[in-house]
1. Would you calculate, for the chain, the mean residue ellipticity at 222 nm contributed by helices, counting each DSSP H stretch of 4 or more residues as -39,500 (n - 2.57) and dividing by all residues, to the nearest 500?
2. Hey, what D do you get for region 76-132 in µm²/s if you plug the Kirkwood alpha-carbon radius into Stokes-Einstein at 20 °C and 1.002 mPa s?
3. Treating the Cα atoms of the chain as identical point scatterers in vacuum, please give the log10 of the normalised Debye intensity I(q)/I(0) at q = 0.07, 0.08, 0.12 Å⁻¹, two decimals.
4. Name the residues whose placed amide hydrogens come within less than 5 Å of the amide hydrogen of Val304, ignoring near sequence neighbours (fewer than 5 apart) on the same chain.
5. What do you get for trypsin sites (Lys or Arg not before Pro) in region 239-318 restricted to DSSP loop and a cutoff of at most 16 other Cβ within 10 Å of the site's Cβ?
6. In a Gaussian network model over the chain where Cα atoms closer than 10 Å are linked, find which of Gly382, Gly286, Gly321 has the largest mean-square fluctuation.
7. Take the cross-link list Lys3/Lys156; Lys249/Lys325; Lys63/Lys325; Lys249/Lys386; Lys3/Lys386 and give me the ones stretching past 31 Å between alpha-carbons.
8. Based on the Cα coordinates of region 81-229, what is the per residue volume of their convex hull in Å³?
Amino acid sequence: MPKICYPEDKIPLARLLAMGMQHVVAMFGATVLAPILMGFNPQVALFFSGVGTLIFIVTTRGKAPSYLGSSFAFIGPVLAVTGGDAGKVPYALCGIAGAALLYGVAALATMRFGSGWIDRLMPPVVTGSVVALIGLNLAPSAVAEAINPQLAIASKADVIRLAITAATFLTAALVSIRARGFLQLLPILTGVVAGYALAGALGMLDPAAVARIGQADWFGLPPFQRPAFHAGALAVIAPVFIVLLAENKGHIAAISSYMGRDLNPLLGRAYLGDALATLASAFGGGTPQTTYAENMGVMALTGVFSIYNFVVAACVAILLGLCPKFGAVIQSIPAPVLGGVTLILYGLIALMGVRIWVDAKVDFSDSRNLLVAGTSLIAATGLGVKGLTVAGVNIAGIAFGTLLALALNAALSFGGPAGDSRS
């Protein structure tokens, strides 16, 4: 593992461009997939992920390294409002704006009164569970990309897909472990380039995706939209801000642990940055924003936490949002290549949650902690990306697991000693 590069540390421009692009590759798949599932425009979502990241960096004064991308927690509530009808997206944007405002209130309360109330609501057993369940919830997606959606090796094409996945994974892993100097800081980008080249050599690039690169324009403004007031959308979507509170707290805890620097005093500003980013996105037709665990995985793998990485990544994302051709190139990356790198990233995310438990000395001889962590992890992993549908409303696995961890911690701690009983 290379030495730690802290948020304030500067990186030479020649290196910074490649390292920023690595973060773009890490976040791209999920940031684009979420708006597709919600019926939003991916180009708009990509544009606002860059804008939102810059807002977050400014709000946290460049001290909390994070990339903001599309939140999966909102998929179910948004679809409950729109029913897949693109004409109702402005109503969903109203609900997202409402969630951002509630999130902002929580942020201001945290900045004014400290993070004690958040710590009581979300002790380490909860935040560790939330971070771990994000990685585990995404595991089926990584495996499906690595092999195929049927999870079966039944043809020569399946064997080739698996070979591409293995080559991508091994390249990224070996670069991280064996490489020296600057190359060691680019395991994900190197793995993707190697996997893409192999896929091209083996004829596994999608011809339609390659054709779209040539057809795409070099410049084009995203199709912005504005929210339209809808009371029902506010009632359904706005409460999801509680999931963002838990996610962001878990991410701040994970980054603190890996960087060896306590970022908890910045929690209120991190909440505010995320809330402002989500509000800006909602008023432009984009998706709700959240700090991205995929990019945390890159930081953990490389030891580079420099904020300048994310300034470059954000600018590249904005450029991609304004340049459909660059976006088409990224979207042409074959699924096995993405599977090879997400096996690494999602595994690191799950282990970040474990590290939060270890660093906080969470006592798993306490039955309450076992129940909070174990039940929420199994429920979220079992639901996967399909989630749970109740009365026509879908609750994503990550959102359900987060809410379950919060509810169980509150219920099982009622009448007992404060905290999470670590001793």
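Laboratory data are not the source of any read-out in this text; all were calculated from the coordinates shown. Note that the structure is predicted; figures quoted are calculated from it, not measured. Don't worry about glycine lacking a Cβ; one is built from the backbone with ideal geometry, like all the others, and counts go over all protein chains shown.
1. -22500 deg cm²/dmol
2. 157
3. After summing over all Cα pairs, the log10 values are -0.31, -0.40, -0.96.
4. Under 5 Å from the amide H of Val304: Cys5.
5. Arg261
6. Of Gly382, Gly286, Gly321, the most mobile in the Gaussian network model is Gly382.
7. Listed pairs above 31 Å: Lys3/Lys156; Lys249/Lys325; Lys63/Lys325; Lys3/Lys386.
8. Hull volume normalised by residue count: 258 Å³.
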